[in-house]
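The structure under discussion appears below in the form of structure tokens.
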Amino acid sequence: MIKEVKPKTQILLKKVVAESNNEIATGVFILRFKRTFDFIAGQVIGICLEHDGDPRLYSIASGINDDEIQILYNIKPTGKLTPPLAKLKTGDNFYISPPFGSYSGSAEPAWWIASGTGIAPFLSMFRSGIGAGKVLLHGGRLKEFFYFQDEFLPVLGNNYIRCCSSESSEGLFTGRLTDYLRQHSNLPNNIKYYLCGNAEMVVDVRDILIKKGIPFANIVSEIYF
Ligand SMILES: Cc1cc2nc3c(=O)[nH]c(=O)nc-3n(C[C@H](O)[C@H](O)[C@H](O)COP(=O)(O)OP(=O)(O)OC[C@H]3O[C@@H](n4cnc5c(N)ncnc54)[C@H](O)[C@@H]3O)c2cc1C
């Protein structure tokens, strides 16, 4: 099942202040601001730079009890929002919508499968205390794109599988996460598989899982377009 997340037609935008906006890997940033609302791990907010702007959606990467909200994003060089967003400095204002969306996890065992910044909702769930019993499969082109390995590895150990498509290194699977899944037999078919990232990855992974006998109803997807 693919969960489509659409912003509400009339989003009430609120002005917030950037606490920091740091580049953590080439072209990848974390934007931080003070948390003033409750949310469910896996939800998104709309972000824009003007009060009457056209918000883009971003998963919240923070835990539900954290004092700050973190947004993980990468620059789309031809994009409308992300190039100017990356220039935001500490103390600058920007605008956010209330949190929304129904993409959420549970404490049950599951596989979390993410490409690139699609790791954000799983980081939120992990930081919110539902990481136990999870296998986290993360795909990235370069070693530097496993931004949160120091947080995941001590807890998940071998259940944090980093699939690196353009570099090799000890501890990394060399190849795309789809290659890893194709080579992996005996995937449990009685648990949920949560997918998050670009459309190509989500569609390919869903096809692989279905061919391996995972019921369609056990596949929960969120697409970043
Ligand atoms: C539910 C959800 C959650 C998301 N969460 C995150 C997140 O946590 N982190 C993150 O980095 N991103 C996330 N995204 C993606 C994010 O919303 C933006 O799409 C992304 O940051 C690009 O925004 P932009 O304004 O810079 O680019 P845009 O201006 O939206 O353009 C993006 C790309 O599409 C191309 N493009 C734009 N319009 C067209 C068109 N009409 N036809 C063809 N190509 C076009 C542009 O050239 C550019 O390469 C999420 C998306 C969704 C739907």
Checklist entry - Of 89, 80, which residue is in contact (Cβ under 8 Å) with a residue 60 or more places away in the chain, over 30 Å from residue 209 (Cβ atoms) and of a type in the set (Lys, Arg)? => result 89
Checklist entry - What is the number of the single condition among (1) out of contact with any Ser or Thr (no Cβ under 7 Å at 6 or more places or on another chain); (2) of a type outside the set (A, V, I, L, M, F, W, C); (3) touching a residue at least 40 places away in the same chain (Cβ under 8 Å) that residue 67 does not meet? => result (3)
Item to check | Residue ID - nearest to the chain's Cα centre (by Cα), chosen from residues in segment 172-212 that are among the hydroxyl-bearing types (Ser, Thr, Tyr) and over 23 Å from residue 150 (Cα atoms) | outcome: 193
Checklist entry - Which residues, taken from segment 143-180, are charged (D, E, K, R) and in a helix (DSSP H, G or I)? => result 143, 144, 150, 151, 179
Checklist entry - Do we have residue 41 as under 15 Å from residue 100 (Cβ atoms) and within 15 Å of the chain's Cα centre (by Cα) here? => result yes
Checklist entry - residue 53 passes all but one of (1) modelled with pLDDT under 95; (2) loosely packed, with under 15 Cβ neighbours inside 10 Å; which number fails? => result (2)
Checklist entry - part of a loop (DSSP other than H, G, I, E, B), exposed (fewer than 14 other Cβ atoms within 10 Å of the Cβ) and not hydrophobic (A, V, I, L, M, F, W, C) - does that describe any residue in segment 11-25? => result no
Item to check | Those residues of segment 47-62 which are outside any loop (DSSP other than H, G, I, E, B), of a type outside the set (A, V, I, L, M) and out of contact with any Asp or Glu (no Cβ under 9 Å at 6 or more places or on another chain), in sequence order | outcome: 56, 58
Checklist entry - Filter segment 54-96 for residues that are within 13 Å of the ligand (Cβ to nearest atom) and among the basic types (Lys, Arg); which is farthest from residue 129 (Cα to Cα)? => result 80
Next on the checklist: Condition first: polar (S, T, N, Q) and under 15 Å from the mean Cα position of the chain (by Cα). Now tell me which residues in segment 93-126 satisfy that.
Outcome noted: 102, 104, 115, 117, 124
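The values are calculated or read from the model by the stated rules, or taken from the named source; none is laboratory data. Predicted model, so just to flag it, every value in this text is computed and none were measured. Note that we place each Cβ from the backbone using ideal geometry, even for glycine, and neighbour counts take in every protein chain shown.
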